[in-house]
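Contents: one structure, followed by commentary.
The values are calculated or read from the model by the stated rules, or taken from the named source; none is laboratory data. The shown structure was predicted, so the numbers you read here are calculated from the model rather than taken from an experiment. Cβ placement follows ideal geometry from the backbone for every residue including glycine, while neighbour counts extend to all protein chains displayed. Accessible surface is based on the protein model in full, side chains and every heavy atom, while ligands, DNA and RNA are left aside. Shrake-Rupley method; radii C 1.70, N 1.55, O 1.52, S 1.80 Å.
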Number of protein chains: 2
Amino acid sequence: MSLTNASPADAAQAAKSASHVLATLSADARNDALTAIHDSLAAARDDILAANARDLELARQAAADGKLSQSLVARLDLGKTGKWEDMLKGILDVRQLDDPVGQVTLRTRLDDGLELERVTCPIGVLLIIFEARPEVIANIAALAVKSGNAAILKGGKESTESFVAISRVISAALDKTQVPNGAIQLVTTRDVIPDLLALDRYIDLVIPRGANELVRYIKNNTRIPVLGHADGLCSIYLEQSADPAMAAEVIVDSKTSYPAACNSLETLLVQKSALATLLPTVATALATKGVELRCDAQSKAALQNTPNNNLTLADATDADFATEFLSLTLAVKTVPSLSEAITHINTHGSHHTDCILTAERAQAEQFMAAVDSAGVYWNASTRFADGMRYGFGTEVGISTNKIHSRGPVGLEGLMIYKYKLRGQGQATAGYGEGEGKKRFLHQSLPLE
Amino acid sequence: MSLTNASPADAAQAAKSASHVLATLSADARNDALTAIHDSLAAARDDILAANARDLELARQAAADGKLSQSLVARLDLGKTGKWEDMLKGILDVRQLDDPVGQVTLRTRLDDGLELERVTCPIGVLLIIFEARPEVIANIAALAVKSGNAAILKGGKESTESFVAISRVISAALDKTQVPNGAIQLVTTRDVIPDLLALDRYIDLVIPRGANELVRYIKNNTRIPVLGHADGLCSIYLEQSADPAMAAEVIVDSKTSYPAACNSLETLLVQKSALATLLPTVATALATKGVELRCDAQSKAALQNTPNNNLTLADATDADFATEFLSLTLAVKTVPSLSEAITHINTHGSHHTDCILTAERAQAEQFMAAVDSAGVYWNASTRFADGMRYGFGTEVGISTNKIHSRGPVGLEGLMIYKYKLRGQGQATAGYGEGEGKKRFLHQSLPLE
């Protein structure tokens, strides 16, 4: 591991070379490295928190000058109750996950003495670009080592001191392990993101961990595949047969349990026939949580007809149905039936997570088949879209990509496979349809 | 299906809309469409071959004027023995493959009455850009329909007449099926490739079927993921313990059975201690097939010391070890041992398919673990890297990408998955570590 002021190209090339060694290490060697990282960080607690305090001091000053948001300052703070302990526990959690490397996912006997095997292996070199949270360094270093991938880490400038302190400790810890020097590259120099994004020769996957703007910038400025999502515009379709209390509970949780999350609700589609029967209950429940509703004409009329003074209503514009509010604002639109709800979501949504609330199984199954999103839910909060909640043990990110990994991504998303073919000197010319040619057996073998 | 002179954006948008319907069709509906395509093409044989004859006439003229290669003319010819029949049989072969849509690959009980399922589904809209071979249209249309993906097909100008004729037939055939109009878009207007490559809003995956230059151009000019490979620089490492006759047979097959193929051998790495014992046998066998050897100093010296007058030897330059010759030329380099061979391949190769020839299992396993390629072989010809030979039933292409699909890609490469979550009104706020909170069960369920 090296904390580098080397050029981005040198850092990336070094990471690539290291990745070829890292990919061949045993699970024990990789797990031992995680133990070493954990123990060294635990021993260096005071130094790291002192460095973090220096970052915090500067950030608080910048926030006081109006140059930084208070929420960013909060995200910087490693001393916040439980954060340090969670960071350390996260490393051990990753260590105890099943080894993702070397799993055989296909075995075929092509011919006697000629066996094909598909085996999981690391992707190669990951570039992780993140903003404020310094604990992400430890988390990502652990995921990279566990999955056998080299990683280049580029942190935000607000967390530089914390980043350098944590990096030094991880670096020294890895020096005593089999993980090659160079497998984790920490880039602290500024303004190198454009250079890094051009290094598709060495870098195999970019994982941005930050705000929409960061993700969008990265997606628009590299040929390297990007794993993540820029937008999380989640919708719920409220169908007429849904139970009112259930609908209110799911919608309130989806909207209000963490409004700034990407899996939070942004658009509520209400079946026309449910405007009078279901929407008032839902709107009242949302109002008690302080949610403002931006309604189309029909839904607004329906709510104005109900005796409730606490509602905050506004007229929706077209733009509201393409907006990720990330706050206590919800766009409400009336649709005649399921098919219009599906079309609206497929056209206006971000293909992240969408839900139908209904008592009718056929409606739900049709919705889940037709909506083109990573998560399609029936009677459950959109906020279940999360790697920990899915039981993946860890989360690399949530992807709205249409290839490789989609939805919450666990360690599996950091793996690819290779085909191993073991023969006894077979040539292809001997196989085919003609006379005297051998036929392939193509016999599927058990995955031991 | 529409044969369109619409703008690329309109075609792509129509394909996207159609993809949402196509994704929900049953396997029977998709298979019936393949039957319809097959039967209609069979019935229209004479018309299509007449159109193909017009393309051929123009191409032969262009070839006579030196504007087109003879091999391109050959690839255009649908009337060549067996080609038409193979095209029709290919559609039926695809029809009888297992349905790739709707396979459940993970089931987890998150809680009582809250079940997560991961289900395979189509990617969405494919853009397939191909050059001369007109039969690819039928092949790709069949793959798209089978996998539930919409497709935009852009053919080369040399095959325009054939393309239009086949397209009309497929279009009319699909009109009588449940496959929505617009699911297969055929773009015949010229110079639209840059426009299509900009439509990442609608197009999910680009599959180029053509020469290296086409693939490289596409990879460099789009943000849409590209499935394929620009280069196929395959290497064989000849280790000292290999059987000489076996080595000669595998190397001859890898180099000469189809020199223009991407899975053909381009670089032979010879262990220094095998220069005198193995290389002469191999070189003699290659010479009988007319292969020119471009040797480094050590391997050239070794061959000049052997009594053989038929060898064609030249001095290798550095560039030769980064060249995909696609002809009967082979670069030969001496390496001291396995680790240098691995480093050479990882640095100079194209991560396509590489092979070790050795009698020692430990050497082979180390090679296969450390070489970062889609295919890593032990004692077998590199030319086995092929979807049909792997038993995939069909081949979409061969990918050297590090994510999604790698190596020969079958129907699986045209699929992604979505997570379906079926609940009974669960909210996330009820789950967690605190008092009164529910714990997730995360119980793995059988994949029925």
*Looking at segment B:428-438, is at least one residue touching a strand residue (DSSP E or B) at 6+ places or on another chain (Cβ under 7 Å), small (Gly, Ala, Ser), farther than 28 Å from residue B:269 by Cα and open to solvent by 10 Å² or more (accessible area, probe 1.4 Å)?*
yes
_One residue from B:393, B:349, B:423 being modelled with pLDDT under 95 and touching an Asp or Glu at 6+ places or on another chain (Cβ under 9 Å)_ = B:393
*Please report, ordered by residue number, the helices (runs of 4 or more DSSP H) entirely within segment A:1-67 with at least 2 residues that are basic (Lys, Arg).*
A:45-64
*Consider residue A:331 against the criteria (1) open to solvent by 20 Å² or more (accessible area, probe 1.4 Å); (2) more than 16 Å from residue A:244 (Cβ to Cβ): it satisfies all of them except one. Which criterion is unmet?*
(1)
*Restricting to strands (runs of 3 or more DSSP E) lying wholly in segment B:327-381: which have 1 or more residues that are without any contact (Cβ under 8 Å) to a residue 24 or more places away in the chain?*
B:375-380
*asked:* Quick check on residue A:209: is it in contact with a Phe, Trp or Tyr (Cβ under 7 Å, 6 or more places away or on another chain) and open to solvent by 10 Å² or more (accessible area, probe 1.4 Å)?
replied: yes
*Would you check if there is a residue in segment B:239-250 being open to solvent by 20 Å² or more (accessible area, probe 1.4 Å), within 13 Å of another protein chain (Cβ to nearest Cβ), closer than 30 Å to residue A:424 by Cβ and β-branched (Val, Ile, Thr)?*
no
*Sort out which residues of segment A:68-83 are part of a helix (DSSP H, G or I) and among the charged types (D, E, K, R), and write them in order of number.*
A:75, A:83
*Any hit, segment B:289-310, residues being within 13 Å of chain A (Cβ to nearest Cβ) and part of a loop (DSSP other than H, G, I, E, B)*: yes
*asked:* Go through (1) farther than 18 Å from residue B:331 by Cβ; (2) not in a helix (DSSP H, G or I) for residue B:281 and report which single condition fails.
replied: (2)
*Among (1) among the small types (Gly, Ala, Ser); (2) more than 28 Å from residue A:79 (Cα to Cα); (3) open to solvent by 40 Å² or more (accessible area, probe 1.4 Å), where does residue A:43 come up short?*
(2)
*Residue check, residue A:276 more than 14 Å from every other protein chain (Cβ to nearest Cβ) and small (Gly, Ala, Ser)*: yes
_Filter result (more than 14 Å from residue B:187 (Cα to Cα) and modelled with pLDDT of 90 or more) within segment B:139-164_ = B:142, B:143, B:144, B:145, B:146, B:147, B:148, B:149
*Quick check: anything in segment A:352-370 buried (at least 21 other Cβ atoms within 10 Å of the Cβ), in contact with a strand residue (DSSP E or B) (Cβ under 8 Å, 6 or more places away or on another chain), of a type outside the set (Asp, Glu) and closer than 30 Å to residue A:146 by Cα?*
yes
*Just one of A:427, A:370 is assigned by TED's automatic domain parsing to the domain that holds residue A:244 and small (Gly, Ala, Ser); which is it?*
A:370
*Which residues, counting only those in segment A:336-351, are crowded, with 22+ Cβ neighbours inside 10 Å and within 19 Å of residue A:247 (Cα to Cα)?*
A:341, A:342, A:345
*Restricting the search to segment A:377-392, which residues are more than 13 Å from the chain's Cα centre (by Cα) and more than 7 Å from chain B (Cβ to nearest Cβ)?*
A:382
*Residues that are more than 13 Å from chain B (Cβ to nearest Cβ): which strands (runs of 3 or more DSSP E) entirely in segment A:93-188 hold 2 or more of them?*
A:125-130, A:150-154, A:184-187
*Pairs under 9 Å by beta carbon, first residue farther than 14 Å from residue B:121 by Cβ and not assigned by TED's automatic domain parsing to the domain that holds residue B:166 in segment B:84-106, partner of a type in the set (S, T, N, Q) and open to solvent by less than 60 Å² (accessible area, probe 1.4 Å), six or more apart or different chains?*
none
_In segment A:128-164, residue nearest to residue A:39 (Cα to Cα) [restricted to those that are surrounded by fewer than 24 Cβ atoms within 10 Å (Cβ to Cβ), more than 23 Å from the chain's Cα centre (by Cα) and not acidic (Asp, Glu)]_ = A:164
*If you take the residues in segment A:194-232 that are in a helix (DSSP H, G or I) and within 14 Å of chain B (Cβ to nearest Cβ), which one is nearest to the chain's Cα centre (by Cα)?*
A:215
*With the checklist (1) assigned to a strand (DSSP E or B); (2) loosely packed, with under 15 Cβ neighbours inside 10 Å in hand, flag the one item residue B:86 doesn't pass.*
(1)
_Regarding segment A:411-419, can at least one residue be identified that is open to solvent by 80 Å² or more (accessible area, probe 1.4 Å) and either more than 7 Å from chain B (Cβ to nearest Cβ) or within 16 Å of residue A:109 (Cβ to Cβ) (or both)?_
yes
*asked:* Return the residues of segment B:330-376 that are under 24 Å from the mean Cα position of the chain (by Cα) and among the β-branched types (Val, Ile, Thr); say none if nothing qualifies.
replied: B:345, B:347, B:353, B:356, B:371, B:376
*asked:* Within segment A:402-409, does at least one residue satisfy the condition of being open to solvent by less than 10 Å² (accessible area, probe 1.4 Å) and either more than 10 Å from chain B (Cβ to nearest Cβ) or more than 23 Å from residue B:224 (Cα to Cα) (or both)?
replied: yes
*Return the total of residues in segment B:10-37 being among the aliphatic types (A, V, I, L, M), more than 12 Å from every other protein chain (Cβ to nearest Cβ) and surrounded by fewer than 22 Cβ atoms within 10 Å (Cβ to Cβ).*
3
